[in-house]
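Asks: Sharing a structure below in structure tokens format, with a few things to ask.
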Amino acid sequence: MLRFLPLPVVLTWAGLSLVGVAAALCHLHILPLDSVEAAEANLRMLWPFWIASTMGWAALTALWLVLRRGAGVGPGGGGWATVVILGVAVAARIIVATVGEPALSDDIHRYAFDGGNLAHGINPYTVRPQERLDDAHRTERWPGEADLLPRMNNPDMTTIYLPTSQWVFGVTELFRPGAQRAMFTALDVAVIALILVALRGAGRSPWWAALYAWHPLPLAEIAGSGHQESLGVLLLLAVLVLADRAPGRVWAWTGLLAASALVKPVVLPVAAFVLKGQRWQAWALSLAVGVVVCAALAAPLWLTDDGEPLKRLLDSADRFRLKWAHFGGVYEPLLWTIEQLRPGWTNDQQEVLARRICLAVVAAIVAGVWWRGPQSLWSRTRWIMATMVLLSPTAHPWYLLWALAMVPMAMGSVTWLASLTLPWGYAAWCHVDADGTPGWGVPAWVMVIAYAPIYAALAFEASRRLVNRGR
């Protein structure tokens, strides 16, 4: 029924829903989870955000159905459509980034701390915030350091963020201290602009871009919390646009992909998708360019002081690799199963096996998508980016932005449903254990209602592909 609604009605619905999401984010304030009262207060704060996000997602789902029907599919009228899409998206982001606070995540404080260190000539990979806090004789090494030190999570660990991100953190703090959220919000607007470029090149309606530009997820996670994902996503989109138009320009798209991989390495399989069918010389050139770009970005930060910065990074990464887990839709049930089957093992052994199984499944899916997956580079990339999230031990909502940015060019029901349900993992901010004490965790019933629709859609898509292949 929704697909028969007129396009102007659906666009009005989507735009007003985005206003509701922005209003909810501007009033969102999350308390530290140190009491039952704080958990209850956080729940009262989260409900308006979840409801507004659901309304926005429903409106964009209606827009998807209308566009599938053929309304506004052609590129005609693209000028005013582009102005409306960008105008609404930019206005909502400015309001949230200037009025609201980074309530759902405190990662942005680490960005500012790392950037402040780098801007003042201090290698961020050599600094543990806790060491600075424990120093009774410390003085501020740069303006604002003392304010940031007590605000970061995991202060006993060296930063986990990779070199491309570090250079952007540092440049931002050098020219505009405290503007990390503004920087990544601006990069998110650039993501929208690049999506519009890709749609124009494909001869598709610019209204498809609203599926990302007006979606609650990037508004909450980038303009709201200031996450760095927009940097990596922008570089990845540039790779796809360039590879679509000139796949033979290996040096150009490989350089962009290498920079994106040094935001998050999950993008590396995209190189194999672009190179599929090309000669071995192209593969060799891509490898060489990737190594050179990565070395140029990483060596000044990692290979000083006899490699001590890299050692500290690897120590932090090892802790994340073994123990970090939150809301993993495959990982957590798998770990529970291993615990039942191997109760005599240590927790470390159980965790390692669960993570290795998830990694093996990811590798199998990457190989399957490369070998017999969809022909579209955008669809292949979306599949892999979504797979990385669904099989990760930690499935934060902002991780899905890498897949969601593909949706205007290659819609997928699994990614689309996950964009609605993964933010329910913020229920951890209001979780109370059975004994009445607050504690970071997500109830099993929230896991079920969040992931059941996702895996039902995945099963439906798989069965449909099998039927079509049989035909």
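Asks: Quick one: in segment 143-190, which of the residues that are of a type in the set (D, E, K, R) and part of a loop (DSSP other than H, G, I, E, B) is modelled with the highest pLDDT?
Replies: As a first pass, look at segment 143-190 and keep what is of a type in the set (D, E, K, R): 145, 147, 151, 156, 173, 176, 181, 188.
Now drop any that are not part of a loop (DSSP other than H, G, I, E, B), which leaves 156, 176.
Numbers: Asp156: 91, Arg176: 94.
Here the answer is Arg176.
Asks: Consider Thr394 carefully, then state whether it is in contact (Cβ under 8 Å) with a residue 24 or more places away in the chain and in contact with a strand residue (DSSP E or B) (Cβ under 8 Å, 6 or more places away or on another chain).
Replies: On the way: in contact (Cβ under 8 Å) with a residue 24 or more places away in the chain: yes; in contact with a strand residue (DSSP E or B) (Cβ under 8 Å, 6 or more places away or on another chain): yes.
Against the criterion (in contact (Cβ under 8 Å) with a residue 24 or more places away in the chain and in contact with a strand residue (DSSP E or B) (Cβ under 8 Å, 6 or more places away or on another chain)), Thr394 qualifies.
Asks: Quick check: is even one residue across segment 76-90 under 30 Å from Trp429 (Cβ atoms) and crowded, with 21+ Cβ neighbours inside 10 Å?
Replies: yes
Asks: Tell me which of these Ala428 doesn't satisfy, since it passes every other one: (1) under 27 Å from Pro269 (Cα atoms); (2) touching a His at 6+ places or on another chain (Cβ under 9 Å).
Replies: Here Ala428 clears every test but (1).
Asks: Consider Ala238 carefully, then state whether it is out of contact with any His (no Cβ under 8 Å at 6 or more places or on another chain) and free of Cβ contacts under 8 Å to residues at least 12 places away in the same chain. Can you show your working first?
Replies: Details: out of contact with any His (no Cβ under 8 Å at 6 or more places or on another chain): yes; free of Cβ contacts under 8 Å to residues at least 12 places away in the same chain: no.
Taking the combined requirement at face value, the residue does not satisfy it.
Asks: What about Leu217, is it in contact (Cβ under 8 Å) with a residue 40 or more places away in the chain and closer than 27 Å to Ala59 by Cα?
Replies: Numbers: in contact (Cβ under 8 Å) with a residue 40 or more places away in the chain: yes; closer than 27 Å to Ala59 by Cα: yes.
So Leu217 fits the description; yes.
Asks: Would a scan of segment 417-434 turn up a residue that is hydrophobic (A, V, I, L, M, F, W, C), surrounded by fewer than 21 Cβ atoms within 10 Å (Cβ to Cβ) and free of Cβ contacts under 8 Å to residues at least 12 places away in the same chain?
Replies: Yes: segment 417-434 contains one or more residues that are hydrophobic (A, V, I, L, M, F, W, C), surrounded by fewer than 21 Cβ atoms within 10 Å (Cβ to Cβ) and free of Cβ contacts under 8 Å to residues at least 12 places away in the same chain.
Asks: Any idea how many residues of segment 85-127 are among the hydroxyl-bearing types (Ser, Thr, Tyr) and within 20 Å of the chain's Cα centre (by Cα)?
Replies: Filtering segment 85-127 for residues among the hydroxyl-bearing types (Ser, Thr, Tyr) gives 98, 105, 111, 125-126.
Subsequent filtering for residues that are within 20 Å of the chain's Cα centre (by Cα) retains 105, 111.
Adding up the residues that qualify gives 2.
Asks: Please specify each residue of segment 414-440 satisfying the condition of being farther than 18 Å from Ala41 by Cβ and assigned to a loop (DSSP other than H, G, I, E, B).
Replies: Result: Ala434, Asp435.
Asks: Now, a different point. If the requirement is being in contact with a Ser or Thr (Cβ under 9 Å, 6 or more places away or on another chain) and either modelled with pLDDT under 95 or not in a helix (DSSP H, G or I) (or both), which of these qualifies: Ala71, Ala58, Ala38? It would help to see each step written out before you state the result.
Replies: Values: Ala58 fails: either modelled with pLDDT under 95 or not in a helix (DSSP H, G or I) (or both); Ala38 fails: in contact with a Ser or Thr (Cβ under 9 Å, 6 or more places away or on another chain).
The conditions single out Ala71.
Asks: I need the full set of residues from segment 18-32 which are in contact (Cβ under 8 Å) with a residue 60 or more places away in the chain, surrounded by 19 or more Cβ atoms within 10 Å (Cβ to Cβ) and either part of a loop (DSSP other than H, G, I, E, B) or not β-branched (Val, Ile, Thr) (or both), in order please.
Replies: Leu18, Ala22, Leu25, Leu28, Ile30
Asks: Could you please let me know if Met411 is modelled with pLDDT under 95 and part of a loop (DSSP other than H, G, I, E, B)? Explain how you work it out, then say what you get.
Replies: Numbers: modelled with pLDDT under 95: yes; part of a loop (DSSP other than H, G, I, E, B): yes.
Yes, satisfied.
Asks: In segment 191-209, which residue that is small (Gly, Ala, Ser) and modelled with pLDDT of 95 or more is surrounded by the fewest Cβ atoms within 10 Å (Cβ to Cβ)?
Replies: In the first step, residues of segment 191-209 are kept if they are small (Gly, Ala, Ser); the result is 193, 198, 201-203, 205, 209.
Among the residues that remain, those that are also modelled with pLDDT of 95 or more are: 193, 198, 209.
On the way: Ala193: 18, Ala198: 23, Ala209: 28.
The qualifying residue surrounded by the fewest Cβ atoms within 10 Å (Cβ to Cβ) is Ala193.
Asks: Moving to a separate point now. Cβ contacts < 7 Å: first residue more than 15 Å from Gly15 (Cβ to Cβ), restricted to segment 52-70; second residue assigned to a helix (DSSP H, G or I) and basic (Lys, Arg), any location; separation 6+ or different chain. Result?
Replies: As it stands, the answer is Leu65/Arg3; Arg68/Arg3; Arg69/Arg3, since those pairs meet every condition given.
Asks: Now, a different point. Restricting to segment 318-371, give me the number of residues that are among the small types (Gly, Ala, Ser), within 28 Å of Val263 (Cα to Cα) and surrounded by fewer than 15 Cβ atoms within 10 Å (Cβ to Cβ). First the steps, then the outcome.
Replies: Taking segment 318-371 and keeping what is among the small types (Gly, Ala, Ser), we get 325, 328-329, 344, 354, 360, 363-364, 367-368.
Remaining after also requiring within 28 Å of Val263 (Cα to Cα): 325, 328-329, 354, 360, 363-364, 367-368.
Retained after the next criterion (residues that are surrounded by fewer than 15 Cβ atoms within 10 Å (Cβ to Cβ)): 360, 363-364, 367-368.
Count: 5.
Asks: Still on this structure: Any chance segment 332-345 includes a residue that's within 23 Å of the chain's Cα centre (by Cα), under 30 Å from Ala418 (Cβ atoms) and among the aromatic types (Phe, Trp, Tyr)?
Replies: no
Asks: Asp156: closer than 27 Å to Ile95 by Cβ and of a type outside the set (A, V, I, L, M), yes or no? First the steps, then the outcome.
Replies: Details: closer than 27 Å to Ile95 by Cβ: no; of a type outside the set (A, V, I, L, M): yes.
For Asp156, the condition - closer than 27 Å to Ile95 by Cβ and of a type outside the set (A, V, I, L, M) - is not met.
Asks: Can you go through Arg204, Arg200 and tell me which one is in a loop (DSSP other than H, G, I, E, B) and among the basic types (Lys, Arg)? Give the steps one after another, and end with the answer.
Replies: Values: Arg200 fails: in a loop (DSSP other than H, G, I, E, B).
Going through Arg204, Arg200 in turn, just one is in a loop (DSSP other than H, G, I, E, B) and among the basic types (Lys, Arg): Arg204.
The values are calculated or read from the model by the stated rules, or taken from the named source; none is laboratory data. In this text the structure is predicted, and so the values were computed from the model without any measurement. Ideal geometry is used to build each Cβ from the backbone, glycine not excepted, and the neighbour counts take in all protein chains shown.
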